[in-house]
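Each remark here refers to the structure printed beneath this line.
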Amino acid sequence: MRVLLACCLWLSAFAPAAHAAQVERIEPANWWIGMRHDRVELLVHGEGIAATTPRLSHAGVAIVDVQKTDNPNYLFVTVQVAGNAKPGAFDIDFIEAGRIAATHSWRLDAREPGSAQRRGFDARDAIYLVTPDRFANGDPSNDSVAGMKEAANRADPNGRHGGDIAGIRKQLDYIAGMGFTQLWPTPLLENDQPAYSYHGYAITDLYRTDPRMGSNEDFVALSREAKAKGIGIVMDIVLNHIGSGHWWMRDLPAKDWINRPDEYVETNHRRTAIQDPHAAPEDRARFVEGWFVKAMPDLNQRNPQLARYLIQNTLWWIETAGLSGIREDTFGYADTRFLSDWAKAVLDEYPGFSMVGEEWSNNPAVVAHWQRGKANPDGHVPHMPSMMDFPVHVALRDALLRPEGWDGGWMPLYEMLANDFLYPDPGRLVVFAENHDTSRLFAHLDGDLGLWKVAMAYLATVRGTPQFFYGSEVLLRGPRERSDGLLRADMPGGWAGDAADAFAGTGLAAAQREAQAYIRALFTWRKRTPLLHDGALTHYTPADGVYVYFRHAGTAAATGPSVMVALNRTDAPVTVPLARFAPFVRTGMRARGALDGVEVDLGDTLVVPAKAATLLELP
Ligand code: CA
């Protein structure tokens, strides 16, 4: 033994490299045969790895480029994958001074049949948004994970509460039964941050599901089970920033991997600086390059290796998890040119896929700038099929809160919809009353159930894809002013021992049961009513507090069936003369109540009850 030890010491003293190169990780860890994106740039990380030369031997795979950065611990290795390459695992060797210094396995997989032709979400769908930490705790054993920086503490509104993928998987029947066909969970990837890690937007490993949520395999299982129940998965992707606990921050792949690495500069949040022809370059730069918050370093997507890393990471998740869509966070904050390249790369690979961007602006001109097909004066070519309809989100709230008057009542919403001429494809917008970042509408309405139902009827019947925030169906309220931890309250019944259970419908107050039944009736009706998916929309100037519009086939409204929506925001019944709506409504016409199936013979007028939506199917 002593002889062997002495021998080793002697050998190490004369080894050519004092510390031989190592490989800590290669990302992505695998790719697929038959992808249009068949030149894959692998990020290789390990001490001293840049001193090596990679080598592999596998039928149909060749190394076509190797790039180094200013950090000797990284290599970027581009492999070309031929369409006839063989699936399976093989080794990549890293050669230094004529010998193998390190070896790491890599793998090629066969694609799922039909993967490239997958259909993304569209106006036929309705999206259910959940904050996974707050929705359902299906596996209490993963609430806290040894070695991770934040443990569960359900008593803390800003702490982790233990919800997970297992919890969502148990409630898929509930979600489908409510009429929803897409599920958007806020990010499920690792957030190994010391605080506020529950929200998921400070990602510390872009290829790993947070162990407190489950594993990558659990994510894939969720997607598979959801698909079997008619629910697609919309993944929340963050291109703008990472979490300060990301492993890159301990050893940056290159000095320019993040923006403003030496001195903390916060973004000015002035999103109009992108479109503004008068914007000072400094303001524009600060919007894009400033950090969102200190805990979220801002990525510099102008670095071509980082840009390719992010694009490949998105393709990898679509292929791995069988996604039907992507919601992209803080859209305009990322590099403009990169946003175009990223969305184009995704759609080149999956032409029928869907992506919706979050541009939190009340201004439809700003939101429209990013939608596919928009001709922009500054030359930016957008590729996003869909954007979040923040302008309608704000206008809807205004319309329910402002008193009647020339500029009040329904007018903000009526006039906002007129701005649809700015969008290349308004039917692809995603409409919502609230999300995980805004306060809930029910709080703004001070608990007015009637007005809340009017708003929900609007979202289910207006053009676009509706998005619904979990818990509002049982009237979770939260504060009126923004307070994220309280807004994202635990779903009743998601935790063992909860007094009320929204999933089972037990322990709920009468108003909660009424609201839940209304949402279920509304969205299951929407799901089976094609006119609400792709019918044209004709609306009439609101009068006497009532907003009337029709969803109908084509433009020849008089000849085809339609859906009539009459929304009364006032606290008294309103008698609406019907002659105005002559192309759609004819005296003596027999209409059918959309939610209750009750048939009514239409006369000269229609009484719309106080604070209520009248929804009629017309022949
Ligand atoms: Ca858990």
Checklist line | Angle between the chain longest axis and helix 216-228 axis [Cα atoms, degrees, rounded to 10] | finding: 30
Next item on the list: Tell me the label-point distance for the pair Phe421, Thr506, using the 7 Å Cα-to-Cβ offset, in nm and rounded to one decimal.
Entry: 5.7
Check: Solvent-accessible area per residue for the chain at a 1.4 Å probe radius, Å²?
Finding: 39
Checklist line | Relative compactness, the range 370-450, computed as alpha-carbon Rg over 2.2 N^0.38 Å | finding: 1.29
Next item on the list: Assuming 0.692 mPa s and 37 °C, estimate D for the range 168-267 with Stokes-Einstein, Rh taken as the Kirkwood radius over Cα pairs, in µm²/s.
Entry: 215
Checklist line | Largest to smallest accessible area among Trp495, Trp342 [probe 1.4 Å] | finding: Trp495, Trp342
Note to self: Using only the alpha-carbon atoms, how far is helix 2-13 inclined from the longest principal axis of the chain? Give it as 0 to 90 degrees, nearest 10.
What the structure shows: 70
Margin query: Could you give each residue of the range 495-504 its phi-based ³J(HN,Hα) in whole Hz, using Karplus coefficients 6.51, -1.76, 1.60 with θ = phi - 60°, and x for Gly or Pro?
Written below: 10, 4, x, 4, 5, 10, 9, 5, 6, 8
Next item on the list: Provide, for q = 0.05 Å⁻¹, the log10 of I(q)/I(0) from a solvent-free Debye sum over equal Cα point scatterers in the chain.
Entry: -0.26
Checklist line | Hull volume in cubic angstrom per residue (convex hull over the Cα atoms of the range 64-149) | finding: 294
Next item on the list: Search the structure for amide H atoms under 5 Å from the amide H of Leu606, placed 1.01 Å from N in the peptide plane, and list their residues when 5 or more places away or on another chain.
Entry: Val576, Leu578
Check: With each label point set 7 Å from Cα along the Cα-Cβ vector, what nm distance links Ala582 and Ser57?
Finding: 8.5
Check: Taking Cα atoms, how many degrees apart are the long axis of helix 510-527 and the longest axis of the chain, rounded to 10 and kept between 0 and 90?
Finding: 80
Margin query: Net charge within 14 Å of Leu42 by Cβ-Cβ distance, Lys/Arg positive one each and Asp/Glu negative one each, not counting Leu42 itself?
Written below: -1
Checklist line | FRET E, pair Thr78, Gln22, Förster distance 25 Å, beta-carbon r, rounded to 0.05 | finding: 0.75
Check: What net charge is computed for the residues neighbouring Phe584, neighbours being all others with C-beta under 13 Å from the C-beta of Phe584, Lys and Arg scored +1, Asp and Glu -1?
Finding: +2
Next item on the list: For Arg160, list long-range residues whose amide hydrogen, built 1.01 Å from N in the peptide plane, is under 5 Å from its own amide hydrogen.
Entry: Asn153
Check: Considering only the other residues whose Cβ falls under 11 Å of the Cβ of Trp247, what net charge follows from Lys and Arg at +1 and Asp and Glu at -1?
Finding: -3
Checklist line | Relative contact order [Cα under 8 Å, 6+ residues apart], the range 170-306, whole percent | finding: 23
Item checked: Contour minus Cα-Cα distance for Asp571 and Asp91 (0.36 nm per residue) -> 165.6 nm
Check: Expressed as a whole percentage, what fraction of the accessible surface of the chain belongs to carbon and sulfur atoms when a 1.4 Å probe is rolled over the protein heavy atoms?
Finding: 54
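The values are calculated or read from the model by the stated rules, or taken from the named source; none is laboratory data. As the structure is a computational prediction, the values presented were derived from the model and not from experiment. Cβ sites come from the backbone with ideal geometry, for glycine too, and all protein chains shown count toward neighbours. We work out accessible area using only protein heavy atoms, side chains counted, and drop any ligands, DNA or RNA first. Shrake-Rupley method; radii C 1.70, N 1.55, O 1.52, S 1.80 Å.
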